[in-house]
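Comments concern the structure below.
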Amino acid sequence: MNAHVARLSTASFETGPAVVVSNLVRSYGSRVVIEKLNLRIERGEFVALLGESGCGKTTLLRALAGLDSIQGGRIVAPRRPAVVFQEHRLLPWDSLWRNVSLGLQVPDARERAAEALTEVGLGDRLDDWPRNLSGGQAQRVALARALVQQPELLLLDEPFAALDALTRIRMHELVRELVTNHQPGVLLVTHDVDEAIALADRILVMRHGAIAFEHRVVRGASAPISRSELLGELGVNSHSTH
Amino acid sequence: MELSGIDRTVIGADSAPSSQSGDNAFAPTATKSKLGARGLQLLSWLAPVVLVVIWEWLAQAGWLSPHVLPAPSKVIRTAFKLAATGTLLNDLGVSLLRAAAGFAIGAAVGGALGILVGFSRVAEAAIDRSVQMIRAIPFLAALPLVIVWLGVGETQKIFLVALGVTFPIYINTVLGIRQVDPKLLELGRVQGLSSLQLIRRIILPGALPSILTGVRYALATAWLALVVAETIGAQSGIGFLAMDAREFLRTDVIVLTIVIYALIGVAADGIARFLERRLLAWHPNYGAAR
Ligand SMILES: Nc1ncnc2c1ncn2[C@@H]1O[C@H](COP(=O)(O)OP(=O)(O)OP(=O)(O)O)[C@@H](O)[C@H]1O
Ligand SMILES: [Mg+2]
């Protein structure tokens, strides 16, 4: 097998898709977690990835981020996709603006960080410590840190799972707005069917190491996909969940 | 809806414990509210002050021989006398200089080895076991050997302090580097940091709390090493002052040197605390909340 990850520079990626995955194989030892997976995400497209626990969503996301080696297939992705993990992963010893500008190689890093923090509603906390933030605020800073890189591909691994329902809805609005402004390709891993319906242009369900179901959400359509249909795809009998 | 049981368990601001706890006067909270934080602070100083006063009184009354323990007031007078002739400050300076030189050398060696071993598994395999074996020796047990090697001059004293400092710094540096959260290291890679940036922005700051703990231990051992080293064949320094006084049964000078050693210890601890507060302002356990 010829495993290959092509990391393209920004310039050559201006118009093409945000990421293309073909025949991806990923295994831990002899256990194959992802087998012959194909995926393509356009720039500006918001894709939500559902699937039962342990089916390999995080594994796929880590492969796309270039964090793990792959055992087969091909990934064509930007050199540096931005990632927001389930935990905020802020550096406790750096102020918020230093956290947001981590890895940013520009002379006006502080101004850029300030703009990003303002976008997520924390423009007045530049010099504060991460420990003084609530969970939702910390997750917003993590989002700002991802967006300040102006990524072509944004990878989100259950970034809102630990938040309360109200904060989560606010975060949804914020994310939609930010994605509309910056137009990256987005892959959002989530367990929340409603979150997927609310945010995504396209919803994927992963099963047995591959994409088993795909649905394109048509905004403003009279009947968007029903929860029960999606839950059915996830192997849940929807009548018993209400 | 069955809410009938709930209203009984509601705790409002004005239905606080007082309602049913008439016999609760000896609970910790009750004591605290009577004395207050300042009262407790005063109380904590009361015992040592009383002890000194009793000591003074016993000495004045002649119940305590000056050859056993001189009165505190006598020790203070001796301190002023020695300070006036300049010997006290001179000896203090010599002692502090020895401690500083030994600490600097020990910290540099321990820190360098610690960083090397912390970052490289190869260095760990090559160095760590030897260091751990040497560490098993209480460093003061090596004193006779050190005297054979280096005599009883300045080198021996500085060497002994450096020896005591090296190990706590080494161990805590390695530990600190190894304990850096792998999730943060992964984040550093995601953000595209170079190896050097990874060290500067994530590994060293992450290891700093542990390194400063090492500094704190090292200050304590440096000071212990200094006392022992100066007790043997010194021509100057606080330890020399004590040994010289012993010849003439000057218990007032001996007690004074003990007090000075204690003060140096307190000062060293204060420096360590100051460093922690300054450098770990971000840390919930050290920094003052903003
Ligand atoms: N480091 C690892 N070593 C071995 N097996 C692993 C490792 N990480 C994950 N796995 C296995 O790979 C499979 C997929 O894990 P993954 O974390 O991708 O699941 P997931 O879909 O993200 O699940 P969840 O929704 O619970 O987060 C699981 O069966 C898991 O046990
Ligand atoms: Mg996961």
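The values are calculated or read from the model by the stated rules, or taken from the named source; none is laboratory data. Bear in mind that the values here come from a model prediction, so they are computed numbers and not experimental data. Heads up, the Cβs are rebuilt from the backbone with ideal geometry, glycines too, and the neighbour counts pull from every protein chain shown.
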Item to check | Restricting region A:160-196 to residues that are over 21 Å from A:Ala116 (Cα atoms) and either touching a residue at least 40 places away in the same chain (Cβ under 8 Å) or within 14 Å of chain B (Cβ to nearest Cβ) (or both), the residue that is nearest to ligand 2 (Cβ to nearest atom) | outcome: A:Val189
Checklist outcome for this item: Within region A:38-82, residues being within 14 Å of chain B (Cβ to nearest Cβ), in contact (Cβ under 8 Å) with a residue 60 or more places away in the chain, within 13 Å of ligand 1 (Cβ to nearest atom) and among the aliphatic types (A, V, I, L, M) number 3
Checklist outcome for this item: So, first residue more than 14 Å from chain B (Cβ to nearest Cβ) in region A:122-141, second residue of a type in the set (Asp, Glu), Cβ within less than 8 Å, six or more apart or across chains; the pairs are A:Gly136/A:Asp164
Next on the checklist: Which count do you get for residues in region A:56-79 that are crowded, with 21+ Cβ neighbours inside 10 Å and basic (Lys, Arg)?
Outcome noted: 1
Checklist entry - Somewhere in region B:174-184, is a residue within 13 Å of chain A (Cβ to nearest Cβ) and not in a helix (DSSP H, G or I)? => result yes
Checklist outcome for this item: Among the residues of region A:139-159, the number that are more than 15 Å from A:Leu90 (Cα to Cα) and within 16 Å of ligand 2 (Cβ to nearest atom) is 4
Item to check | Count of region B:64-84 residues which are modelled with pLDDT under 90 and farther than 14 Å from B:Ala245 by Cα | outcome: 2
Next on the checklist: So, in region B:65-82, how many residues would count as being in a helix (DSSP H, G or I) and not aromatic (Phe, Trp, Tyr)?
Outcome noted: 10
Next on the checklist: Being touching a Gly at 6+ places or on another chain (Cβ under 9 Å), more than 13 Å from chain A (Cβ to nearest Cβ), crowded, with 22+ Cβ neighbours inside 10 Å and not basic (Lys, Arg) is the requirement here; does B:Leu160 meet it?
Outcome noted: yes
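Here is a check on your reading of the model: is A:Trp97 more than 11 Å from chain B (Cβ to nearest Cβ), among the aromatic types (Phe, Trp, Tyr) and either away from ligand 1 (no atom under 16 Å from the Cβ) or within 20 Å of A:Gly135 (Cα to Cα) (or both)? Break it down into steps so the answer makes sense when it comes.
Details: more than 11 Å from chain B (Cβ to nearest Cβ): yes; among the aromatic types (Phe, Trp, Tyr): yes; either away from ligand 1 (no atom under 16 Å from the Cβ) or within 20 Å of A:Gly135 (Cα to Cα) (or both): yes.
So A:Trp97 passes the test.
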Checklist outcome for this item: Turns out the helices (runs of 4 or more DSSP H) fully within region B:186-290 with at least 1 residues that are β-branched (Val, Ile, Thr) are B:204-231, B:238-247, B:251-279
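Do we find that B:Ala272 is of a type in the set (A, V, I, L, M), touching a Gly at 6+ places or on another chain (Cβ under 7 Å), more than 30 Å from A:Leu143 (Cβ to Cβ) and in contact (Cβ under 8 Å) with a residue 40 or more places away in the chain in this structure? Reasoning before the result, please.
On the way: of a type in the set (A, V, I, L, M): yes; touching a Gly at 6+ places or on another chain (Cβ under 7 Å): no; more than 30 Å from A:Leu143 (Cβ to Cβ): yes; in contact (Cβ under 8 Å) with a residue 40 or more places away in the chain: yes.
Criteria not met by B:Ala272.
Identify, please: which residue in region B:195-237 is hydroxyl-bearing (Ser, Thr, Tyr) and either out of contact with any Asp or Glu (no Cβ under 7 Å at 6 or more places or on another chain) or within 11 Å of chain A (Cβ to nearest Cβ) (or both) and is, among those, nearest to B:Leu256 (Cα to Cα)?
Per the stated criteria, the residue is B:Thr231.
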